[in-house]
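The values are calculated or read from the model by the stated rules, or taken from the named source; none is laboratory data. Quick caveat, the model's predicted, so the values are computed rather than measured. Cβ coordinates were reconstructed from backbone atoms using ideal geometry, including for glycine residues, and neighbour counts include every protein chain displayed.
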Amino acid sequence: MPRHINFKHSDALLDKVFDAIHGYDLALLYPSLEDIEKKRMVDLIKDDKLSDMFVELEKDDQLDLITYLNQGKTKKLITSLESDDLKEFLEDLDEDTQKQYLKYLSKVKAKTIELLLTYEDDHAASMMSTDFITIDQHMSVKDATNKIVTSSKDQDYIDHIYVINDEKKWVGTIDIKNLIIARQGQFIDDIMESEDIFIFEDDSIEKAIDMVQDYDKNAIPVLDHEHHVIGIITADDIFDELIEDYEEDYQKLALISEHTTSLTSIQRSKQRLPWLLIAVLLNLVTVSILSTFEATLEAVTVLVLFQPMILGMAGNIGTQSLAVTILGIHQDDFENKRKKHVVKEISIGVFNSTILAAIAFLFVYTLLSILGSQTVNPTEVAQVVALAIFLAMSISSMMGALVPLTLDRFHIDPASASGPIMTTFNDIIALVLYFGIATIMFL
């Protein structure tokens with residue numbers, strides 16, 4: 001993508017420049033433009049490129065772009081969008097605004113979009129597309145091919161054609177490639193695949209994701225409970241959903257809210273500052289703990305050298321256990337297996353902690369021996385560090401499994417709450433163990 005476009009060029013030259021840029025790249029460029037440049041861009045780019053660019057924009061930028069379009073171009077844009085993209089654009093708008101855009105659609109398409117907007121966010125049907133083709137099972141290959149050629153629209157998904165019987169119920173699927181190479185004298189009944197890989201409209205999105213992944217399908221039909229095809233879910237839809245979910249989970253773990261490119265630096269600071277203030281307050285607990293071990297630190301100042309290692313190792317193993325557990329919760333892997341998962345994570349933690357504690361002992365002993373300190377015994381300090389690492393890492397690994405599972409049990413989102421809880425308690429526990437053991441041994 002070009003870093004900068006010279007808007008001093010003529011319209012004809014800019015038209016060629018925009019035509020050579022992918023819609024996604026135009027979407028990345030759009031928010032950085034001045035108002036007059038945005039207006040010129042949307043006036044010049046072709047309708048299909050405008051549609052490609054529009055679906056890649058954030059919601060605020062989509063609404064901004066539409067303000068630069070006249071009524072005719074707005075209608076072309078809205079009618080060119082795939083049903084799932086249009087539904088995603090409309091779902092957060094107020095009812096009057098939704099109606100304003102739905103008026104550009106045919107009555108059938110408008111009713112379809114209105115139906116999509118009624119589904120719950122966690123239902124498979126909420127992410128389906130209604131741009132698909134059905135053919136009758138008794139059709140000849142010639143008639144079916146003719147129907148697809150004459151009735152399909154640009155946004156229709158035609159990689160798979162869905163076959164229905166006289167009662168309009170789904171009975172099978174045919175790949176477009178197989179339809180093309182079939183002989184004209186054959187009938188759809190002869191070449192279609194009769195299968196039972198589908199999803200009901202009120203099934204969960206997680207089930208749809210599993211179906212596409214388990215059966216390696218590019219698309220699966222969405223059926224109502226009378227087995228009529230009401231939509232399809234494609235692999236692209238699944239991919240987009242997964243990316244959105246993982247970005248949301250990452251943002252929660254990182255203690256930041258949803259990233260919006262249109263926000264100013266001050267607005268983004270306001271989003272993040274409360275969490276930073278909470279972190280400061282929680283770290284005062286750590287300072288208080290350190291102050292209680294002041295005598296120990298004065299007597300054995302070398303302990304400070306290894307404090308970051310204790311905290312870091314406890315945090316690392318806790319994060320690993322936390323990530324595995326949250327992913328398992330997200331994928332519903334722990335049904336009736338929660339105790340088994342906790343025991344497994346504790347076992348892994350103890351095993352890894354033992355090995356790393358032994359390595360830490362050797363490292364600390366060697367380092368202090370080389371430094372040749374006369375005030376401390378290298379063996380004793382190495383023992384303190386090794387024992388603290390073993391206990392802190394073992395407990396942190398256990399908490400990494402227990403904390404998110406406990407939060408999930410009480411219907412609290414583990415992705416948003418586990419991070420700060422784990423970080424704070426790991427530090428507190430590690431410090432108490434480290435300096436507590438040192439106090440017992442040296443004072």
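Data for the structure
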{"item": "Qualifying residue in the range 352-370 (condition: more than 27 Å from Ile412 (Cα to Cα), at pLDDT below 90 and among the hydroxyl-bearing types (Ser, Thr, Tyr))", "result": "yes"}
{"item": "Residue match in the range 138-155 (condition: out of contact with any Gly (no Cβ under 8 Å at 6 or more places or on another chain) and either on the phi > 0 side of the Ramachandran plot or part of a strand (DSSP E or B) (or both))", "result": "no"}
{"item": "Members of the range 110-131 that are hydroxyl-bearing (Ser, Thr, Tyr) and either part of a helix (DSSP H, G or I) or touching a helix residue (DSSP H, G or I) at 6+ places or on another chain (Cβ under 8 Å) (or both)", "result": "Thr112, Tyr119, Ser126, Ser129, Thr130"}
{"item": "Leu368 over 17 Å from Ile428 (Cβ atoms), touching a residue at least 60 places away in the same chain (Cβ under 8 Å) and assigned by TED's automatic domain parsing to the domain that holds Ser396", "result": "yes"}
{"item": "Meets criteria (modelled with pLDDT under 85, surrounded by 17 or more Cβ atoms within 10 Å (Cβ to Cβ) and among the hydroxyl-bearing types (Ser, Thr, Tyr)) for Thr292", "result": "no"}
{"item": "Extreme residue, modelled with the lowest pLDDT, among residues of the range 1-59 that are farther than 28 Å from Glu244 by Cβ and of a type in the set (S, T, N, Q)", "result": "Asn6"}
{"item": "Which listed residue is closer than 28 Å to Lys109 by Cβ, in contact (Cβ under 8 Å) with a residue 60 or more places away in the chain and among the basic types (Lys, Arg), from Lys153, Lys168", "result": "Lys168"}
{"item": "Hits in the range 60-90 - residues which are modelled with pLDDT under 90 and either assigned to a loop (DSSP other than H, G, I, E, B) or in the same structural domain as Asp240 (by TED's automatic domain parsing) (or both)", "result": "Glu82"}
{"item": "Residue tally, condition aliphatic (A, V, I, L, M) and surrounded by fewer than 15 Cβ atoms within 10 Å (Cβ to Cβ), over the range 34-51", "result": "1"}
{"item": "Residues that are closer than 14 Å to Met139 by Cα and surrounded by 14 or more Cβ atoms within 10 Å (Cβ to Cβ), drawn from the range 166-204", "result": "Val171, Gly172, Thr173, Ile174, Leu179, Ala182, Gln186, Phe187, Ile188, Asp189, Ile191, Met192"}
